[in-house]
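This report refers to the structure that appears directly beneath it.
Just so it is clear, none of the values below were taken in a lab; they were calculated from the coordinates. Computed from a prediction, not measured in an experiment: that's the story for all the values here. Ideal geometry is used to build each Cβ from the backbone, glycine not excepted, and the neighbour counts take in all protein chains shown.
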There are 2 protein chains.
Amino acid sequence: MSANAELALQSLRQAEVRITPPRRVVIEVLASQEHLTAPEVVEAVQKRAPAISRASVYRTLDLLTRLGICRIATMGLPIVRYTLTPTGNHHHLVCSNCLRAFEFDSCGLSALVPELEARTGFRISGHLLEAYGLCADCQQAESVTE
Amino acid sequence: MSANAELALQSLRQAEVRITPPRRVVIEVLASQEHLTAPEVVEAVQKRAPAISRASVYRTLDLLTRLGICRIATMGLPIVRYTLTPTGNHHHLVCSNCLRAFEFDSCGLSALVPELEARTGFRISGHLLEAYGLCADCQQAESVTE
DNA sequence: ATGCATGCAAAGAGTTTGCAAGACA
DNA sequence: TGTCTTGCAAACTCTTTGCATGCAT
């Protein structure tokens with residue numbers, strides 16, 4: 001079991017919800033791959049444990065999302081994708097042309113959080129940043145065509 | 001017709017796609033309200049022009065998204081929402097408890113874009129930032145309960 | 001022991017697609 | 001005029017729900 005999965009289970013315990021086989025397996029699946037759609041999670045879960053129902057997967061994804069254990073990102077497309085976010089933060093760079101997505105770590109935003117909290121009264125626990133643009137490859141292809 | 005709608009139409013012309021009544025109406029609807037779901041756009045479009053089909057709305061939303069004229073955000077929930085983004089940028093602060101969402105303007109990120117471009121080779125055209133946390137009200141409610 | 005969570009299956013939404021007809025440039 | 005876009009309607013996929021059963025605590 002991965003460290004991220006362990007962290008997620010701990011969060012479940014803290015939230016005082018029961019730890020059941022379906023929940024365990026959904027977490028394992030999410031820990032094994034990022035940016036999965038709900039149907040993809042269903043498929044992966046049932047590959048590991050065919051008896052687990054679609055409904056439980058949906059209910060678990062909903063639970064994990066409400067608890068902030070996983071986060072939703074779309075990469076610019078109208079498709080919801082789930083990812084475990086132990087740090088609470090998540091950053092992508094998405095190419096508008098080829099639609100490839102890249103992760104990046106530091107976004108320099110942590111420094112801005114205190115100011116944002118002061119201004120808004122929020123206590124901020126995490127963020128998602130998606131930047132859109134043209135990747136190096138597509139810029140090149142574009143300049144050739146023009 | 002709002003300024004944002006005009007901008008969107010100009011982008012369509014630049015992209016050399018035809019400007020048709022369904023496309024116009026979808027843009028007007030998106031210009032009139034942010035964060036609409038696809039079914040909400042369908043409803044609003046058909047209120048203005050009942051003859052426009054659901055399929056055209058979906059096709060138009062897809063087109064606008066691919067052209068970067070509108071952007072997708074989820075506010076942390078597994079529901080895709082469309083918003084016209086003339087600047088290319090978009091910022092929310094979402095309360096994990098009451099699920100209310102607030103917009104904010106400057107995110108201090110523009111300063112970081114050049115560095116990110118240099119590091120990744122991307123040419124960045126816009127971004128979405130969603131921060132999650134507890135709003136002031138929910139923090140208070142929480143401290144009362146505890 | 002008890003109340004929460006599950007599986008099942010059906011219903012309900014939401015989205016996509018093929019094709020003939022129509023309209024933009 | 002030619003090509004792109006539309007509307008229709010059906011098919012499809014995805015998601016939610018009620019309820020009896022089972023299980024985590």
Q. For A:Thr120, which inter-copy label distances result when the label point lies 7 Å beyond Cα on the Cα-to-Cβ vector, reported in nm to one decimal and in ascending order?
A. 2.0
Q) What average number of partner chain Cβ atoms lie no more than 10 Å from the Cβ of the residues making up B:115-126? A) 6
Q. If the chain between B:Gln140 and B:Glu103 were fully stretched, how many nm would it gain, using 0.36 nm times the residue separation less the Cα-Cα distance?
A. 11.2 nm
Q: Using DSSP to define loop residues, name the GluC sites (Glu not before Pro) in segment B:103-138 whose beta-carbon has at most 16 other beta-carbon atoms within 10 Å.
A: none
Q) Considering only the label points, 7 Å along Cα→Cβ from Cα, what distances in nm to one decimal separate A:Ala136 from the same position in each other copy, shortest first? A) 4.6
Q.
Of A:Cys98, A:Gly88, A:Ala49, which is farthest towards the positive pole of chain A's charge dipole, taken about the Cα centre with +1 and -1 on the beta-carbons of Lys, Arg and Asp, Glu respectively?
A. A:Ala49
Q: Would you calculate a helix-derived [θ] at 222 nm for chain B, using -39,500 (n - 2.57) for each DSSP H run of n ≥ 4 and dividing by the full residue count, to the nearest 500?
A: -13500 deg cm²/dmol
Q) With the contact rule set at Cα under 8 Å and sequence spacing of 6 or more, what percent relative contact order holds for segment B:4-107? A) 24
**Q.** Fewest-first sequence of B:Ser125, B:Ser11 by Cβ atoms within 10 Å of each Cβ
**A.** B:Ser125, B:Ser11
Q. What average number of partner chain Cβ atoms lie no more than 10 Å from the Cβ of the residues making up B:34-40?
A. 0
Q) To the nearest 20 debye, what charge dipole does segment A:82-146 have about its Cα centre, counting +1 at the Cβ of each Lys and Arg and -1 at the Cβ of each Asp and Glu? A) 300
Q: Would you be so kind as to identify which of B:Val144, B:Gly126, B:Ile19 lies farthest towards the positive end of the dipole of chain B, taking Lys and Arg as +1 and Asp and Glu as -1 on Cβ and the Cα centre as origin?
A: B:Ile19
Q | Qualifying trypsin sites (Lys or Arg not before Pro) for segment A:1-106 [loop in DSSP, other Cβ within 10 Å: at most 11] | A | A:Arg18
**Q.** Inter-chain Cβ neighbour average for residues A:72-84, partner chain, 10 Å
**A.** 4
(Q) I want the antiparallel fraction of DSSP beta bridges within the protein assembly as shown, as a percent rounded to 5. (A) 65
**Q.** Antiparallel bridge percentage (DSSP; both residues within chain A; nearest 5)
**A.** 55
Q: Find how many whole Å separate the alpha carbon centroid of segment B:73-96 from the alpha carbon centroid of segment B:45-59.
A: 23
Q | Net charge dipole size for segment B:1-87 [Lys, Arg +1 and Asp, Glu -1 on Cβ; Debye, nearest 20] | A | 200
Q. Placing a label point 7 Å from Cα toward Cβ, how far apart in nm is B:Ala3 from its equivalents in the other copies, listed shortest first to one decimal?
A. 4.9
